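Okay, so here's the structure we're looking at.
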Amino acid sequence: MEAAHYYLDGNADAVEFCPHDLYRHVLAAATYTLQEGDRPSRSGSISLFDVDADVGRFDLFHRVETAGIFDIKWNPVGGTIDRPMLAQADADGCLRIHELECLSDGEKGGCLREINGEKISSSMCLCLDWNPSATSISVGISDGSVSMVSFSESQLYVSQEWKAHDFELWAASFDMHQPQLVYTGSDDCKFSCWDLRDSPPNMVFQNSKVHKMGVCCIAKCPSNPNTLFTGSYDEYLRLWDVRSISKPVNETSIHLGGGVWRVKHHPYIPGLVLAACMHNGFAIVKIEDDKGELIETYGKHGSLAYGADWQRRELSQGDEQKSSVVATCSFYDRLLRVWIPENSNGM
């Protein structure tokens, strides 16, 4: 069920609900627009919305113009900084950190203020991830390298950098249960794991046989430390058992009919996964006993399905079956939608 929609000012490629308790109503949406011509440029923006799907509220309250953005992520809850920080990876090769400054006295609204920015590479920054303590950020680069960036409120600096893949690196994700490990995926069809305790990081494994096309996204399962998901241009969502970390086992493959660009785990229903499937809209998948079932699709976008996220709802006791809320965005039609899945309640 659709709650609301909005047309952004540029090609939409990432959406992220803020996970911090007082700001769960805040949705960030990022854009990337290539201006072709004699002097091509890549421009972008971050737009902030106040969302309450129960009453149909979907209000834009802030926008910041920036370079073309490939990825955004809020800092995790429980890290070293308890205030909302939004990181961006952009086409200028920069990692930028914005702080969400809200109005006083509990009023809705506010703005983003850039507190840190660092040029990481002469190539483009394609993806990012925070470690659980929010002291480090992994950044995937278009030349196939990875940068580990140490973060404090006063500075950003590259602590480690290495060539991880042959082509564009679309996924560089921390293991939330073992944050010394980082998983990477690339257009070279390889899926790798690195141990940051070594310098340069030691390659724990590299799988180059299972994915038939480039690896787009990697997401560790929050509720199961042994389970990890990968998405690929080959249209499969794959479930991995990483108990044997040097040789993970591919347990389940689910064909979703479109390149699996982004995967998001439900914030409180174990095994429920939201996927952005590029040419085939969005999908909700239920994983149980190492088996995957497609339980819902959402095809109301007319362009490449890139951005997707669950809202972290404030639940009262005994209210676990309250409707989930999802935000999705598509690229060329610049469309951002907020909707309520039909089949995710109480799963």
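The values are calculated or read from the model by the stated rules, or taken from the named source; none is laboratory data. Small disclaimer: the values here were computed from a predicted structure and weren't measured. Positions of Cβ are backbone-derived with ideal geometry, glycine not excepted, and every protein chain shown enters the neighbour counts. With ligands, DNA and RNA removed, areas are computed over all heavy atoms of the protein, side chains included. Shrake-Rupley method; radii C 1.70, N 1.55, O 1.52, S 1.80 Å.
Name, by its number, the condition in (1) open to solvent by less than 20 Å² (accessible area, probe 1.4 Å); (2) touching a Phe, Trp or Tyr at 6+ places or on another chain (Cβ under 7 Å); (3) closer than 22 Å to D129 by Cβ that does not hold for Y298.
Here Y298 clears every test but (3).
Looking at (1) in contact (Cβ under 8 Å) with a residue 24 or more places away in the chain; (2) closer than 29 Å to F49 by Cβ; (3) within 20 Å of the chain's Cα centre (by Cα), which is the one condition that is false for T80?
All conditions pass for T80, except number (3).
Pairs, please: C-beta under 7 Å, at least 6 apart or cross-chain, first residue assigned to a strand (DSSP E or B) and in segment 194-215, second charged (D, E, K, R) and modelled with pLDDT under 95?
Between residues of segment 194-215 that are assigned to a strand (DSSP E or B) and residues that are charged (D, E, K, R) and modelled with pLDDT under 95, the close pairs are F205/K247.
With (1) free of Cβ contacts under 8 Å to residues at least 24 places away in the same chain; (2) touching a strand residue (DSSP E or B) at 6+ places or on another chain (Cβ under 8 Å) as the list, and D289 as the residue in question, which single condition is left unmet?
(2)
Could you list, in sequence order, the residues of segment 117-159 that are aromatic (F, W, Y) and open to solvent by 40 Å² or more (accessible area, probe 1.4 Å)?
Y157
Can you tell me which residues in segment 160-210 are among the β-branched types (V, I, T), within 21 Å of C125 (Cα to Cα) and open to solvent by 30 Å² or more (accessible area, probe 1.4 Å)?
Across segment 160-210, there are no qualifying residues.
Does E235 meet the test of being open to solvent by 10 Å² or more (accessible area, probe 1.4 Å) and modelled with pLDDT of 95 or more?
Criteria met by E235.
If you take the residues of segment 213-232 that are of a type in the set (S, T, N, Q) and closer than 18 Å to Q178 by Cα, which of them is least open to solvent (accessible area, probe 1.4 Å)?
T230
Quick one: would you say T66 is in contact (Cβ under 8 Å) with a residue 12 or more places away in the chain, under 15 Å from L112 (Cβ atoms) and among the polar types (S, T, N, Q)?
yes
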